[in-house]
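Notes to accompany the following structure.
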Amino acid sequence: MSKNTNSRPVGRPVSVVKFPTGTFTVEALKIKNPDVCKLTLRKNVKSGLASGKLVKVAKTLATGKAGRPSYQFSLASTYNARLANLAKANVKNAAPAPVTPTESAPA
């Protein structure tokens, strides 16, 4: 048997899913991976969430139809880096603390 982890002795070959950078939905994932079934993409997203590779962003997109909401996902590394950059920007842009006058000691 081959040492390649993407090959199995029998059955369908493993589908390789390419995740986009930034936030994405399953529909955007389908556009980036047109040859992969939507159910396979959902399975990969679910396993990515369970393993910590993906993060579910708090926002959902309104689809205007009944059914599944369009959840947004992001790669955990990209999401954590974006949060760190936002925290740095907030610290730089924060107003300095007001200085309160103190009583001077008699000389």
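Taking (1) in a helix (DSSP H, G or I); (2) polar (S, T, N, Q); (3) exposed (fewer than 14 other Cβ atoms within 10 Å of the Cβ) in turn, Asn44 satisfies each apart from (3).
Applying the condition of being surrounded by 10 or more Cβ atoms within 10 Å (Cβ to Cβ) and outside any helix (DSSP H, G or I) to region 70-107 and asking which residue is modelled with the lowest pLDDT yields Ser70.
Residues in region 74-91 that are of a type in the set (S, T, N, Q) and closer than 22 Å to Asn44 by Cα: Ser74, Ser77, Thr78, Asn80.
The values are calculated or read from the model by the stated rules, or taken from the named source; none is laboratory data. On a predicted model such as this, the values are computed, not experimentally measured, just so you know. Because the Cβ atoms are built from the backbone with ideal geometry, glycine has one as well, and the counts that use them run over all protein chains shown.
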